[in-house]
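Only one structure is covered here, and it is reproduced in the block below.
The values are calculated or read from the model by the stated rules, or taken from the named source; none is laboratory data. Values in this document were obtained by computation on a predicted structure and should not be read as measured data. Neighbour counts are summed over all protein chains in view; Cβ atoms, including those assigned to glycine, are modelled from backbone coordinates with ideal geometry. Ligands, DNA and RNA are excluded from the accessible area calculation, which covers all protein heavy atoms including side chains. Shrake-Rupley method; radii C 1.70, N 1.55, O 1.52, S 1.80 Å.
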Amino acid sequence: MRTVIFDLDGTLADTSGDLLAAANFCFRQMGLGDVLSHPGDAGIALRGGRTMLTAGLNRAGQFNPATVDEFYPVLLEAYRDAIDHHTVLYPGAMAAVEALKSAGFGVGICTNKPEGLADQLMRSLGVRDAFASLVGADTLPVRKPDPAPLFEAARRAGGDPARTLLVGDSDTDRNTSANAGVPSVLVTFGPSGEDMEALKPEALLHRFEDLPEVAGRLIA
């Protein structure tokens, strides 16, 4: 079976608001107030918790690696407790997923969000059962851009890892697909959309309704 594997944050859903809220919870605990803001720092948010803490501490002139290590678990707990207050699926995402399945593709998720949080979020949004697989940052001993999580997501979706493509929104996703020797499709509607063309993916995706045609073309 051919498979289409999706990144989660910034690809299927805009999670930046809830991620930034969790980071600002940490900064308030440090006495710094709300350091990051939405939507200006959405791109930082979608690169993960440690990146948010590092960026915020640098902005406040108080960066210390030990502080990042100390507050990363605090950030995860704050995010877990308010994971879906601002998060929304991108327009057309689930219609594209269903169209791919109707066309005979397997679909799954490969994310660098911890698996438990990714599963919690997708269930909260009511769409977890639409995906045959979900591989997170801690599912395997390695994470993207290592190709192993992508291959595992394809296998768990019932597909051939060699006949898959990765839909993402970052250099991490582009490098993952390159390391795997499979095509990448990068979305342009996320916070870093204007930077995607420079990564030279096999295709750019401006709207989800075009994805079934693009997938059919790239995985003949």
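Gaussian network model of the chain, Cα springs within a sub-10 Å range: biggest mean-square fluctuation belongs to which of 24, 175, 58?
Maximum among the listed residues: 58.
Run through the stretch 1-71 and list the chymotrypsin sites (Phe, Trp or Tyr not before Pro) located in a DSSP loop whose Cβ has at most 15 other Cβ atoms within 10 Å.
Passing both the DSSP loop test and the Cβ count: 63.
Return the calculated 222 nm mean residue ellipticity for the chain, to the nearest 500 deg cm²/dmol, obtained by summing -39500 (n - 2.57) across DSSP H runs with n ≥ 4 and dividing by the residue count.
Working: 9 runs with 93 residues, N = 220.
Only helices count here, giving -12500 deg cm²/dmol.
How much length would be gained if the chain were fully extended between residue 128 and residue 160, taking 0.36 nm per residue of separation minus their Cα-Cα distance, in nm to one decimal? Show your work: numbers first, answer last.
Working: separation 32, 0.36 × 32 = 11.52 nm, distance 2.15 nm.
Taking residue 128 through residue 160 to full extension adds about 9.4 nm, to one decimal.
Taking a point 7 angstrom from the Cα of residue 202 along the C-beta vector, which residues in the stretch 71-113 have backbone N less than 16 Å away?
105-108
Any idea of residue 76's accessible area? Nearest 10 Å², probe 1.4 Å.
40
With every protein chain left in place, what is the accessible area of residue 209 in Å² (1.4 Å probe, nearest 10)?
In the full protein context, residue 209 sits at about 130 Å².
With a cut-off of 8 Å between alpha carbons and a minimum separation of six or more residues, what is the relative contact order of the chain in percent?
Over the chain, the number comes to 24 percent.
With a 1.4 Å probe and all protein chains kept in place, how do 79, 72 rank by accessible area, largest first? Walk me through the intermediate numbers first.
Working: 79 5, 72 50 Å².
Largest accessible area first, the residues go 72, 79.
Mind sorting out which of (i) -0.24, -0.48; (ii) -0.34, -0.65; (iii) -0.21, -0.42 is the real log10 I(q)/I(0) by the Debye sum over Cα atoms at q = 0.07, 0.10 Å⁻¹ computed from the coordinates?
It is the value labelled (iii).
At 0.36 nm per residue, minus the direct Cα-Cα distance, what do residue 94 and residue 213 gain on full extension? Give it in nm, one decimal, please.
The residue 94-residue 213 span can extend by a further 41.3 nm.
What does the charge dipole of the stretch 78-162 about its Cα centre add up to, to the nearest 20 debye, if the Cβ of each Lys and Arg holds +1 and the Cβ of each Asp and Glu holds -1?
On the way: 9 positive and 10 negative charges, 11 e Å.
So the dipole magnitude of the stretch 78-162 works out to roughly 60 debye.
Quick one: work out Rg over Rh on the C-alpha atoms of the stretch 107-181, Rh as Kirkwood radius. Mind showing how you got there, number by number?
Numbers: Rg = 11.5 Å, Rh = 12.2 Å.
Rounded to two decimals, Rg over Rh is 0.94.
Restricting to the chain, what percent of DSSP beta bridges are antiparallel, rounded to 5?
10
Which chymotrypsin sites (Phe, Trp or Tyr not before Pro) in the stretch 129-220 sit in a loop by DSSP (not H, G, I, E or B) and have at most 12 other Cβ atoms within 10 Å of their own Cβ?
Within the stretch 129-220, no chymotrypsin sites (Phe, Trp or Tyr not before Pro) qualify (loop, at most 12 other Cβ atoms within 10 Å).
Using alpha-carbon positions, what is the distance between the centroids of the stretch 9-44 and the stretch 88-111, in Å?
26
Sum up the charges of everything whose Cβ sits under 13 Å from the Cβ of residue 105, counting Lys and Arg as +1 and Asp and Glu as -1, but leave residue 105 out.
Details: positive: 2, 101, 163, 217; negative: 98, 160, 213.
Within the 13 Å Cβ shell, the charges total +1.
Give the accessible surface of the chain per residue, rounded to a whole number of Å², with probe radius 1.4 Å and ligands, DNA and RNA excluded.
Values: 9360 Å² over 220 residues.
For the chain, the solvent-accessible area averages 43 Å² per residue.
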